[in-house]
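> Quick one: the structure is below, questions incoming.
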Amino acid sequence: MQRTRARAAIALLASLLAAGLAMPLAETPAAAAPASDTCDTGSVPSFLTGAWCDLKQAERDICAEDFGNCLVVVDAKYFADHQMTFVIDDHGVLDGRQDSTQHCLWQLMITQNSDADYARRVGYAHETIPNEDPALYRTHAMDLHNNEVARSLSGRASQLELAGVAAGQSVDQARTASVVQACTEMVARAVRVETFGSAYQDLGVNVLNIRNADPYHGDFAHQLVYLAALDTRAPYTAEWAYPIVDNPGGSGAPLRSKFDSLGGVTGLLRAPTGAARGLAGGGWGQPFSGQDCGQGSALIWSSATNVHEMHGCIYRDYLTKAGFGGFAGQFGYPSSDEQIPPGGAGAVNYTAGSPCSSGQALPHSALYFRNGVTWGVKGCLFVKYRSLGETSSALGFPTSLEYSTSEGIRQDYQNGYMIWANGVASVYTASSGGCVNYGALITGPGACSGFSTTGTWFSGGGVGLNGREVWTYANGSVKDSSARYQFTGLDTTRAYQVQAYVPNAHSNSPNAHYVISSPGGGTANGYVNQQDYTNAWATVGGVCTSDGTATVTLWDDGGAAYPLQVGADAVRLVRTGTLCSG
């Protein structure tokens, strides 16, 4: 096999010589051969005479044992000198990443065309220089380390070579490509080191100790190293800028194992954007760039939940949306990776915050995402929601967080709502007749979603758009009772007109006070003289929104007093052609 490889090496060497690409493996700074280092080509085969005197005496001694294997060495030297500039061109930077590349290509090619032991012997021989300048001791330490790492890549290169042959490449083509790829991968992760201590001999080579000098790394035992200034030019793996390790800070968090299981730097998480750090609540986490949505992704660990990933819009809302609170918020740490919820649409991360009862098994809550919006369900309402089938149930996806009403703790869903009161979670859906589906961008009393009240309200008159009007008594200028209308899924580029339906009874306040608010749109007041309308829509104002949500609140403080009545019925948003600025 070695003789066959040697014949192939002759052909490649000849082509390199013809192209003018052959050059000796560089030694920096250059050291002239001592007078005793004579070069006699008398007994050297003709196919080696042109390169023989470029070898150091120690290398020639090994080459003389087997001229066929020697050709493998010469071929590998010329191959490395030519290919290194295609991997990285540092324009002559002393002891930089290009030098690491050169040694990797050289030693790995010898290993693949001969064996690792022969490559090791040649590697040490190359660094053996009689009467050398002590300035070379630090370079020898770097070179010998990189030679060892290069030889360890044989398994990776062989794997790549087999894949190349299977794809139709010749063995020589596949081997060349595999060595280049394996070394490119490693030089992209090369670690900057520095030398220290007194010189000592390693198998006859004078060297110094090396230690990490890269602020992002600790262990470099299995990485290529270099001595020049920190270098982050291509090829450079961004993942390597922030180390991903198991047990950061002695925490026990298996971040690296999880990262690898998700596909590494080419998988879902992509490259890290920061180092692992301790989190509120005693956990650990590390941010990544994948699945962006303005926030990227993260691995998040706690001793109670183990390590899970969060990404994209759920992760963004978990960290930034009002009422969520991130790691220290009401939903706590994730207890699952993001996944598809029951029903096959949208996404969900199950979480550990807000259990319904002591000793409850995980999960205790969840964050559900669909159509650009995330809402969380927690505690006893989550227990009930999960028993119904979550998003596959008649309720559908949540459309709000839970909030307090005069009836109890309420949470709205696409097709209904739930109330927690007196230790019981009650479900109201349109299909069961428990709530009213007003239609798109309309909500009101008894609606399946988007309407709630605080304070004192009366009902039962059977009037209103759907016969569900509620009313309270005017309370002068003091806020006591409110009716709240919530809207989602709005166009963020166009303004909406806000309209309120005024029924034919229990609606005679001359100054019904509406407050219109939205993210990006601020807060505005609107007033309606309900005495001017009978079973008709009254214009209240307008609204723009930056996140597709808006809230309209009707208060009892418009200035009128008892016995005048403030009627609360349907409110709708009508999209206009007016563009929202900004």
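> Among the residues of the range 57-73, how many are of a type in the set (S, T, N, Q) and closer than 20 Å to Leu108 by Cβ?
Residues in the range 57-73 being of a type in the set (S, T, N, Q) and closer than 20 Å to Leu108 by Cβ: 1 in total.
> Any residue in the range 123-143 that is on the phi > 0 side of the Ramachandran plot sitting within a Cβ distance under 6 Å of a residue that is open to solvent by 20 Å² or more (accessible area, probe 1.4 Å)? List the pairs, counting only those 6 or more apart or interchain.
The qualifying pairs are Asn131/Pro34.
> Would you confirm whether or not the range 450-457 contains a residue that is part of a loop (DSSP other than H, G, I, E, B), farther than 22 Å from Pro510 by Cβ and modelled with pLDDT under 95?
yes
> What residue, of Ala157, Ala150, Ala174, is at pLDDT 95 or above, open to solvent by less than 20 Å² (accessible area, probe 1.4 Å) and out of contact with any Ser or Thr (no Cβ under 9 Å at 6 or more places or on another chain)? Please lay out each step first, then the result.
Details: Ala157 fails: out of contact with any Ser or Thr (no Cβ under 9 Å at 6 or more places or on another chain); Ala150 fails: out of contact with any Ser or Thr (no Cβ under 9 Å at 6 or more places or on another chain).
After ruling out the rest, the residue left standing is Ala174.
> Looking at (1) open to solvent by 30 Å² or more (accessible area, probe 1.4 Å); (2) touching a strand residue (DSSP E or B) at 6+ places or on another chain (Cβ under 8 Å); (3) at pLDDT 85 or above; (4) not small (Gly, Ala, Ser), can you tell me which one Tyr242 breaks?
The one condition Tyr242 does not meet is (3).
> All but one of (1) modelled with pLDDT of 95 or more; (2) under 38 Å from the mean Cα position of the chain (by Cα); (3) surrounded by 14 or more Cβ atoms within 10 Å (Cβ to Cβ); (4) not aliphatic (A, V, I, L, M) hold for Asp557; which doesn't?
(2)
> Among Ala524, Ala505, Ala536, which is closer than 21 Å to Ala447 by Cα, free of Cβ contacts under 8 Å to residues at least 40 places away in the same chain and not hydroxyl-bearing (Ser, Thr, Tyr)?
Within the list Ala524, Ala505, Ala536, the selection yields Ala536.
> Let me ask you something else. Taking Gly294 as the residue in question, decide whether it is in a loop (DSSP other than H, G, I, E, B) and under 22 Å from Gln411 (Cβ atoms). Walk me through it before giving the result.
Numbers: in a loop (DSSP other than H, G, I, E, B): yes; under 22 Å from Gln411 (Cβ atoms): no.
For Gly294, the condition - in a loop (DSSP other than H, G, I, E, B) and under 22 Å from Gln411 (Cβ atoms) - is not met.
> A further question follows. Among all residue pairs at least 6 apart or on different chains, which show Cβ distances below 9 Å where the first residue, located in the range 156-169, is under 9 Å from Ala182 (Cβ atoms) and the second is open to solvent by 60 Å² or more (accessible area, probe 1.4 Å) and among the charged types (D, E, K, R)?
From residues that are under 9 Å from Ala182 (Cβ atoms), the pairs are Arg156/Glu185.
> Let me ask something else. Which residues, counting only those in the range 485-514, are open to solvent by less than 30 Å² (accessible area, probe 1.4 Å) and within 44 Å of the chain's Cα centre (by Cα)?
Matches in the range 485-514: Tyr485, Phe487, Leu490, Ala495, Tyr496, Val498, Gln499, Tyr514.
> Considering only residues that are modelled with pLDDT under 90 and out of contact with any strand residue (DSSP E or B) (no Cβ under 8 Å at 6 or more places or on another chain), which ones fall in the range 261-279?
Gly263, Gly264, Val265, Thr266, Gly267
> Shifting gears a bit: So how many residues does the range 34-80 have that are under 50 Å from the mean Cα position of the chain (by Cα) and assigned to a loop (DSSP other than H, G, I, E, B)?
Within the range 34-80, residues that are under 50 Å from the mean Cα position of the chain (by Cα) and assigned to a loop (DSSP other than H, G, I, E, B) number 3.
> Restricting to the range 305-343, give me the number of residues that are assigned to a loop (DSSP other than H, G, I, E, B), over 21 Å from Leu262 (Cβ atoms), touching a residue at least 40 places away in the same chain (Cβ under 8 Å) and not aromatic (Phe, Trp, Tyr).
6
> Oh, and also: Looking at (1) part of a strand (DSSP E or B); (2) open to solvent by 70 Å² or more (accessible area, probe 1.4 Å), which one does Ser432 not meet, given that it meets all the others?
(1)
The values are calculated or read from the model by the stated rules, or taken from the named source; none is laboratory data. Bear in mind the structure is a predicted one, so any value in this text is a computation, not a measurement. Cβ: placed from backbone, ideal geometry, glycine included. Neighbour counts: every protein chain shown. Ligands, DNA and RNA are stripped out before the accessible areas are found, and what is left, the full protein with its side chains, is counted by its heavy atoms. Shrake-Rupley method; radii C 1.70, N 1.55, O 1.52, S 1.80 Å.
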